[in-house]
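The values are calculated or read from the model by the stated rules, or taken from the named source; none is laboratory data. This one's a predicted model, so the numbers in the text were calculated from it and none came from an experiment. Note that we place each Cβ from the backbone using ideal geometry, even for glycine, and neighbour counts take in every protein chain shown.
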Amino acid sequence: MKRSLHDIAIAVEARLIGENHADIQGVSSLVSASHHDLVFVEDEKHLDAALKSRAGAIIAGEFAASRDADRPLLISAHPKLAFARAAQLLRDEYPANENDGVHSTAIVHPLATLETGVQVRARAVIGEGARIKNGTRIDEGAVIGAGVTIGSDCEVYPNVTIYAGTNLGDRVIVHAGAVLGSDGFGYVRDRETGHYEKFPQVGRLVIEDDVEIGANSTIDRGATRDTIIGEGTKIDNLVQIGHNVSIGRHCLIVSQVGISGSVTVGDFAVLAGQVGVADHLTIGEGAVLGARAGVMSNVPAGGRWGGFPAEPAIDWKRGQAIVRRLVKRKKAARKDESEGTQE
Amino acid sequence: MKRSLHDIAIAVEARLIGENHADIQGVSSLVSASHHDLVFVEDEKHLDAALKSRAGAIIAGEFAASRDADRPLLISAHPKLAFARAAQLLRDEYPANENDGVHSTAIVHPLATLETGVQVRARAVIGEGARIKNGTRIDEGAVIGAGVTIGSDCEVYPNVTIYAGTNLGDRVIVHAGAVLGSDGFGYVRDRETGHYEKFPQVGRLVIEDDVEIGANSTIDRGATRDTIIGEGTKIDNLVQIGHNVSIGRHCLIVSQVGISGSVTVGDFAVLAGQVGVADHLTIGEGAVLGARAGVMSNVPAGGRWGGFPAEPAIDWKRGQAIVRRLVKRKKAARKDESEGTQE
Amino acid sequence: MKRSLHDIAIAVEARLIGENHADIQGVSSLVSASHHDLVFVEDEKHLDAALKSRAGAIIAGEFAASRDADRPLLISAHPKLAFARAAQLLRDEYPANENDGVHSTAIVHPLATLETGVQVRARAVIGEGARIKNGTRIDEGAVIGAGVTIGSDCEVYPNVTIYAGTNLGDRVIVHAGAVLGSDGFGYVRDRETGHYEKFPQVGRLVIEDDVEIGANSTIDRGATRDTIIGEGTKIDNLVQIGHNVSIGRHCLIVSQVGISGSVTVGDFAVLAGQVGVADHLTIGEGAVLGARAGVMSNVPAGGRWGGFPAEPAIDWKRGQAIVRRLVKRKKAARKDESEGTQE
């Protein structure tokens, strides 16, 4: 849906310079922008490129205010954030235009409760006693188990499975194929036979407001207590989070991370791609675990750790450098030797 | 469903001390227990906490028999195992209560064979010639391919896909989104063009009794022979098992493990989280591969291996310790130097 | 479907020795072959085993032409490739036999365009404006978003999700549970609150001809430009490919590989199992990244890299060898010491 530059400026707290018009329909990169698109420039050195693009308007920092531009500028203290918010604004209008309500092929249990404004698309299934709040969209083929509660303005993409009893807050986004609330990996071994028997997995999974969960990620329900994903935390694709884990607020968890059972992660922590965390550990508030760190011990708040087994990133780099130096020495020694032989 | 303590005691081979009553409906942790819940205590030091909880009854070891408890005790030689079995007992009653039979929106091929007592939930699809035995449940959106055979008392969760020709034994549990029997990653390269052409993947996938498979895990069918998962083996979420792999009986395979094609894993092996095993290797009976071990050579029976490339765990730890000592020395040397400079 | 040996010989460019017959129905390994099966022998030393099998005919190299065989031989310069092609030939007949057209429970948007010969199986959903070409098959439960284009002769397996706007070329195979075109992991942080806000993910995902994508793999759409998977590239199960990534032609990407955002991979590159590549890097044409390489810097064309952080494979192996030698020395020193003590 079109928005006027004036409305966008108010929404993203920017200052409009130039003529207000109502032609902006979306956002784009500089390269592929059309005159219906908004672009952004974070750094002054890219402003010329933006002015050469076909974009209909440009979000830029204070540096652009003095430029004599041939099109409207939206001046912001944080252009990238303003651009992201403008994109949400232009996008938000879209889903509401079509397919309101419950599709004829969706299956909603008579004892489920859907507030007005809930969309349930083709072939989705909503179980007994589930409760879904206003503005939430359940896509094609998603299966919402018995007793699940979902807040308002959530987006549940196709073929997602949410196990019975899981709770989602408001504005949660769950991408296609994700599985929420599955049984944790818990067994008791029979000492006599050596066989494994299932340990009860009867805790819940609780996902707080504003969490986003990537495609085909899996988050287990608790064993006898709850698994919790804190407010505002963002989880990428193919991430595994085990039972009884507690993730803090506003964390970033990048693709293919694996978090073992009963781990506690503090607020604002960042776990880069392919990180693994062993069970029952604590990752402190604001800690940063570098790509592929294999964490086998507790990480203090604010720590930057890397390597496997993970240690402070600086120590890991030193160890790597030492081994590399030994390799170089060896090479040099060999070269000397072979030159010696040729003499 | 409620069960009397007397019935539970018999089922889990425990000795009831105190009054029999019929109020137990589930299991719980000490913290969240209500008076309808059963809890367990493996270690005497937690017995007081259990007696302070609201639990309706407590499973405990022989150490508790002499205690003057205010509620019934179930005395067991292995309290955790007894607790797990009690949980199964209390749970088993649940699914049978509702939704027996085939849902009206399920699609069952006329040439498929379902024994009585099979549940097929909304929108599940059962292919031509599939055969499913008594007591098995196929959840919403699961797709069972042509000619698949599934034993009795299996649970196939929502949105699972089972490719044509796959065989499952009895009491197999498949969690949501898992894909069983997909084509292996096999290609032949055309030497002239450098292009890859598909190598036939026409073996089957055979899953024996009592196997559990985690959410979004993938197990490939064999290329020209079968992929086999042995009886009682438990597989966590997001695990990949390649074509022609043979996994023994009663193994544990933790989340995000990747097992390459044609690997053989012996009985009772344990593969911890994020382990990788290169193709055509053999992992001996009872071997334990530590978290994130990257296995590039055969592992003997009973071996405890770790690191990458994996080696006996003790050697890997020694190597890590040596590098760490070199880092320390370097740091100390630098400190001496800088102090020397300051003098 | 049966094919005569004569027809197979022509199709795979092999020379038939022995009597033409029409009994071949499939391909097999030597061990499980029946007299309806074709097998192949790449190496002369396996020819006797093939002749002892029950196979109805054997594809073999020139070495077999002089043998006095009791059954037909197909002589080929590249037996494995001929075998792979024969398997395709025998298999290709299968799907066309049944279920042509659109299943009554499939949901095809009135503004979607399906060419003749497109199969849409039970419960699949095709969105508004989607366009699908002749010979393509969409399996049970697959969800094809609005505006998606799919070329001819593609196979989309059950429960796949393709997000709106994604483009697939001809002969693309997408295995069950894969998610194509999901939002990338992009956020802008609000400096004041520390909260993450969604950065627009409005680029497309473009998949060229002859690509195969494994079960439960995930490929993100671009942020403001496109994600591209080049012609002929083969992707295994549980692989993650981030936004804005460009993969070249005829690459192999093995299971559980993770490729971060904005990475460029050249043609003919090979990424072995569990490899990780950090964001914005370039992997040169024909480079080979060994199993579990953790790539933190650009890799030149033709390079063979390994380890973490990845370096030329030879250097990584040297470093490993040096550490192992230090461990051995330490062990020997300890042994000497303890022997010294005993004296």
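Look through region A:255-272, keep the residues that are within 14 Å of chain C (Cβ to nearest Cβ) and touching a residue at least 24 places away in the same chain (Cβ under 8 Å), and return whichever of them is farthest from B:Ser255 (Cα to Cα). Checked region A:255-272; the qualifying residue farthest from B:Ser255 (Cα to Cα) is A:Asp267.
The single residue among B:Ala69, B:Ala33, B:Ala49, B:Ala22 that is within 14 Å of chain A (Cβ to nearest Cβ), part of a loop (DSSP other than H, G, I, E, B) and among the hydrophobic types (A, V, I, L, M, F, W, C) turns out to be B:Ala33. Looking at B:Glu115, is it under 19 Å from A:Val188 (Cα atoms) and free of Cβ contacts under 8 Å to residues at least 60 places away in the same chain? Considered against the rule, which asks whether it is under 19 Å from A:Val188 (Cα atoms) and free of Cβ contacts under 8 Å to residues at least 60 places away in the same chain, B:Glu115 comes out as no.
Evaluate region B:155-176: report whether one residue or more is touching a helix residue (DSSP H, G or I) at 6+ places or on another chain (Cβ under 9 Å) and more than 21 Å from C:Gln256 (Cα to Cα). Yes - at least one qualifying residue is present in region B:155-176.
Looking only at residues that are among the aliphatic types (A, V, I, L, M) and surrounded by 23 or more Cβ atoms within 10 Å (Cβ to Cβ) in region B:292-322, which one is farthest from the other protein chains (Cβ to nearest Cβ)? Only one residue tops the list, namely B:Val299. State whether the residues of region A:316-333 include one that is small (Gly, Ala, Ser) and farther than 22 Å from B:Gly319 by Cα. Within region A:316-333, one or more residues are small (Gly, Ala, Ser) and farther than 22 Å from B:Gly319 by Cα.
In this structure, does C:Gln256 turn out to be at pLDDT 95 or above, assigned by TED's automatic domain parsing to the domain that holds C:Asp209, closer than 30 Å to B:Arg325 by Cα and in a loop (DSSP other than H, G, I, E, B)? It is false that C:Gln256 is at pLDDT 95 or above, assigned by TED's automatic domain parsing to the domain that holds C:Asp209, closer than 30 Å to B:Arg325 by Cα and in a loop (DSSP other than H, G, I, E, B). Scanning region A:242-253 for residues that are crowded, with 24+ Cβ neighbours inside 10 Å and part of a loop (DSSP other than H, G, I, E, B) turns up A:Gly242, A:His243, A:Asn244, A:Val245, A:Cys251. Taking the criterion of being buried (at least 24 other Cβ atoms within 10 Å of the Cβ) and among the polar types (S, T, N, Q), the residues of region A:118-165 that qualify are A:Asn159, A:Thr161. Restricted to region C:204-241, and to residues there that are among the aliphatic types (A, V, I, L, M) and assigned to a loop (DSSP other than H, G, I, E, B), the residue that is farthest from A:Ser217 (Cα to Cα) is C:Val211. Quick check: anything in region A:160-180 within 26 Å of A:His250 (Cα to Cα), among the small types (Gly, Ala, Ser) and at the interface with another protein chain (Cβ under 7 Å from one of its Cβ atoms)? Yes, some residue in region A:160-180 is within 26 Å of A:His250 (Cα to Cα), among the small types (Gly, Ala, Ser) and at the interface with another protein chain (Cβ under 7 Å from one of its Cβ atoms). When B:Ala86 is tested against (1) more than 23 Å from B:Ile241 (Cα to Cα); (2) hydrophobic (A, V, I, L, M, F, W, C); (3) touching a Ser or Thr at 6+ places or on another chain (Cβ under 9 Å), only condition (3) is not met.
Residue pairs whose Cβ atoms lie under 6 Å apart, separated by 6 or more positions or on different chains, with the first residue in region C:78-91 and within 7 Å of chain B (Cβ to nearest Cβ) and the second assigned to a helix (DSSP H, G or I), are C:Arg85/C:Val12. Scanning region C:231-251 for residues that are free of Cβ contacts under 8 Å to residues at least 40 places away in the same chain and at the interface with another protein chain (Cβ under 7 Å from one of its Cβ atoms), we see that the one that is farthest from the chain's Cα centre (by Cα) is C:Gln240.
Among the residues making up region A:184-203, those that are of a type in the set (A, V, I, L, M, F, W, C) and part of a loop (DSSP other than H, G, I, E, B) are A:Phe185, A:Phe199, A:Val202.
From the set of residues in region C:43-61 that are surrounded by fewer than 17 Cβ atoms within 10 Å (Cβ to Cβ) and not basic (Lys, Arg), which is nearest to B:Phe199 (Cα to Cα)? Result: C:Asp43. Of all the numbered requirements in (1) at pLDDT 95 or above; (2) touching a strand residue (DSSP E or B) at 6+ places or on another chain (Cβ under 8 Å), B:Gly203 misses one, and that requirement is (1).
The number of residues in region C:197-210 being surrounded by fewer than 21 Cβ atoms within 10 Å (Cβ to Cβ) and at the interface with chain A (Cβ under 7 Å from one of its Cβ atoms) comes to 2. Return yes when C:Val265 is of a type outside the set (Phe, Trp, Tyr), assigned by TED's automatic domain parsing to the domain that holds C:Thr166 and either within 30 Å of B:Ile241 (Cβ to Cβ) or in contact with a Lys or Arg (Cβ under 8 Å, 6 or more places away or on another chain) (or both) and no when it is not. Here the answer is yes, as C:Val265 does meet what is asked.
For the structure I just gave you, tell me whether B:Leu114 is at pLDDT 95 or above and within 27 Å of A:Ala164 (Cβ to Cβ). So B:Leu114 passes the test.
The residue of region C:29-45 that is nearest to the chain's Cα centre (by Cα), among those that are farther than 15 Å from C:Lys2 by Cβ and among the small types (Gly, Ala, Ser), is C:Ser29. Could you grab me the full set of residues in region A:180-225 that are of a type in the set (Val, Ile, Thr) and either outside the structural domain of A:Glu140 (by TED's automatic domain parsing) or in contact with a His (Cβ under 7 Å, 6 or more places away or on another chain) (or both)? Across region A:180-225, the qualifying residue is only A:Ile213.
Of the residues making up region A:4-41, those that are buried (at least 16 other Cβ atoms within 10 Å of the Cβ) and in contact with a helix residue (DSSP H, G or I) (Cβ under 6 Å, 6 or more places away or on another chain) are A:Ile8, A:Val12, A:Ala14, A:Leu16, A:Gly26, A:Val27, A:Leu30, A:Leu38, A:Val39, A:Phe40, A:Val41. Checking each residue in region A:117-155 for being more than 10 Å from every other protein chain (Cβ to nearest Cβ), assigned to a loop (DSSP other than H, G, I, E, B) and not aliphatic (A, V, I, L, M) picks out A:Gly117, A:Gly129, A:Lys133, A:Asn134, A:Gly135, A:Thr136, A:Gly147, A:Gly151, A:Ser152, A:Asp153, A:Cys154.
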